[in-house]
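For reference, the structure is listed below as structure tokens.
The values are calculated or read from the model by the stated rules, or taken from the named source; none is laboratory data. Values in this document were obtained by computation on a predicted structure and should not be read as measured data. Backbone-built Cβ (ideal geometry, glycine too); neighbour counts: all protein chains shown. To get the accessible areas, we keep the full protein, side chains included, count just its heavy atoms, and leave off ligands, DNA and RNA. Shrake-Rupley method; radii C 1.70, N 1.55, O 1.52, S 1.80 Å.
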Amino acid sequence: MKLRDLDIIVTAPPAPGWGGRYWILIKLTTDTGITGWGECYASSVGPTAMRAVINDVFDRHMRDENPENIELMFRRAYSSGFTQRPDLTVMGAFSGLEIACWDILGKDRGRPVHALIGGRMNDRIRAYTYLYPLPQHNLNDFWTSPDQAAETAAEMVRQGYTAVKFDPAGPYTMRGGHMPAMNDISQSVAFCRVIREAVGDKADLLFGTHGQFTTAGAIRLGQALEPYAPLWFEEPVPPDNVSEMARVASSVRIPVATGERLTTKAEFGAVLQSGAASILQPALGRAGGIWEMKKVAAMAEAYNAQMAPHLYAGPVEWAANIQLAASIPNILMAETIETPFHAALIKDAITVQDGFVTPPTAPGLGIDVDEDLARAHPYRGDDLHLQMQEDPCDYVNGNAFQGGAPATEG
């Protein structure tokens, strides 16, 4: 069995676009006629450029190879150009292709992917959700309204979720780490207070940031949130500054989580070795794929750390996350995004029931991709999956982050 054909589908979820502006879906077909699906979570170049990278990685390192030889293909891509170091874009391309290889292998053997990477450790995976606006909420106002966030949190708990994530402490700016404005700290405290009152002890609070603070600023914010006992403080400083993240972790009584912007065992290993985080959040469509993150999960075991796969993408990456989660002992929870488009794209093959996901037992990733639906919603722009703000922190008028899908779009 050899890898022969590659097709790339860039599909756009309907507005407001939870999961990003577009999802890059990978379709691989072998010379024996087996098709596998993957998804690339890559956002540092636009979709046109990313198509070229994916094609190059496949043609250069994977075409005509046996899909079993994942270790070999990974080392080719990782070492390409005499680098032998993590490359966010190349690994993003490889990750989606690698996921598709596992889907092929599972289908060829008639077994789910988790059965091929250690077997079924977990019959249920605890799910968490980001707090998105409910139908009665105003999309512009929601992101700075603790009361509306609390309403969503209460509804999510009613649906069975035991953990909810929110990130009111913006902005995320290309200027790097900044000291949070006092009104940002006050708003973050208000969100935690009102959401905690709404959910009581029925749900954990997951406080999200995206590496936007200086070390001192992150410590200042984190200590202000401690009375509300969040389960994690996500990526408080830029992810490449591991030693400074470790300083935050040792100064704040909230577990630090990180990983959505990291790739390969090299970067996750540095986090573990430095004590920068005790919860790892790999995005499998970027981090090196299923096999590489299986290795990271084993490394995390040695450091008594847990895994919580990240999701701000489509349902194919989610399916990969669930297969990994089913096979490892140190899974904490997995992020979910529930929209009609997510569900329809995989024909409801994976669902959240009472706050948990049951890993599918069907072969491969356990999903059936609706290819016609994906092709019927093409992304025609050339923006990035997510756009970084250029303006600095506003210390006068306050700051807002619109959940990754600005209300002005679509």
Beta bridges per DSSP with both ends in the chain, % antiparallel, nearest 5: 45 percent
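Subtracting the Cα-Cα distance from 0.36 nm times the residue separation, let me have the gained length for residue 371 to residue 44 in nm, one decimal.
Values: separation 327, 0.36 × 327 = 117.72 nm, distance 2.56 nm.
That works out to 115.2 nm of additional length.
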Two-decimal ratio, the range 195-263, of alpha-carbon radius of gyration to 2.2 N^0.38 Å: 1.09
In nm, spacing of pseudo-spin labels at residue 1 and residue 395 (7 Å Cα→C-beta vector): 6.0 nm
Pairwise centroid distance, computed over Cα atoms, of the range 31-77 with the range 149-224, Å: 36 Å
Descending principal axes extents, the range 231-286, alpha-carbon based, whole Å: 31, 20, 16
Radius of gyration and maximum dimension Dmax of the range 18-146, Cα, Å: 18.3, 54
D (Stokes-Einstein, µm²/s), Kirkwood Cα radius, the range 69-209, 0.890 mPa s at 25 °C: 130 µm²/s
The range 336-382 versus the range 255-272: alpha-carbon centroid distance in Å: 27 Å
Probe 1.4 Å, accessible area per residue of the chain, Å²: 38 Å²
Helix 47-61 axis, angle to the chain major axis (alpha carbon atoms, nearest 10°): 40 degrees
Cα-only Debye scattering, the range 1-77: base-10 log of I(q)/I(0) at q = 0.18, 0.22 Å⁻¹: -0.77, -1.03
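Dipole of the chain, Cα-centred, from +1 at each Lys and Arg C-beta and -1 at each Asp and Glu C-beta, to the nearest 20 debye?
Numbers: 33 positive and 48 negative charges, 172 e Å.
Its charge dipole is roughly 820 debye.
Could you grab the Rg to Rh ratio for the range 114-166? Cα atoms only, Kirkwood for Rh.
The Rg/Rh ratio comes out at 1.21.
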Charge dipole magnitude, Cβ of K and R +1, D and E -1 - the range 107-232, Cα centre, debye nearest 20: 660 debye
Accessible-area composition of the range 193-245, carbon plus sulfur, in percent [1.4 Å probe]: 50 percent
Cleavage-rule hits (trypsin sites (Lys or Arg not before Pro)) in the range 5-89: DSSP loop, at most 16 neighbouring Cβ within 10 angstrom: 63
Label corresponding to Cα Rg over 2.2 N^0.38 Å when calculated from the structure given, among [x] 0.99; [y] 0.93; [z] 1.18: [y]
From phi via Karplus (6.51, -1.76, 1.60), per-residue ³J(HN,Hα) for the range 303-308 in Hz, x at Gly/Pro: 9, 6, 9, 10, 10, 9
Table column - 3J(HN,Hα) (Hz), the range 264-276, Karplus curve with 6.51, -1.76, 1.60, x for Gly and Pro: 6, 4, 4, 7, 5, x, 5, 4, 5, 5, 8, x, 6
Helical mean residue ellipticity (222 nm; -39500 (n - 2.57) per DSSP H run of 4+; nearest 500) of the chain: -11500 deg cm²/dmol
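How big is D, in µm² s⁻¹, for the range 129-288 by Stokes-Einstein at 4 °C and 1.567 mPa s if Rh is the Kirkwood radius over C-alpha pairs?
Stokes-Einstein gives a translational diffusion coefficient of 81 µm²/s.
Please go through the residue pairs 27/107; 202/294; 295/347; 294/347; 107/265 and name each one whose alpha carbons sit more than 25 Å apart in this structure. Mind dumping the intermediate values first?
Values: 27/107 14 Å; 202/294 30 Å; 295/347 30 Å; 294/347 27 Å; 107/265 27 Å.
Going by Cα-Cα distance, 202/294; 295/347; 294/347; 107/265 fall outside the 25 Å limit.
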With 5 Å bins from 0: P(r) over the range 241-343, alpha-carbon pairs, percent: 2, 14, 26, 24, 17, 10, 5, 2, 0
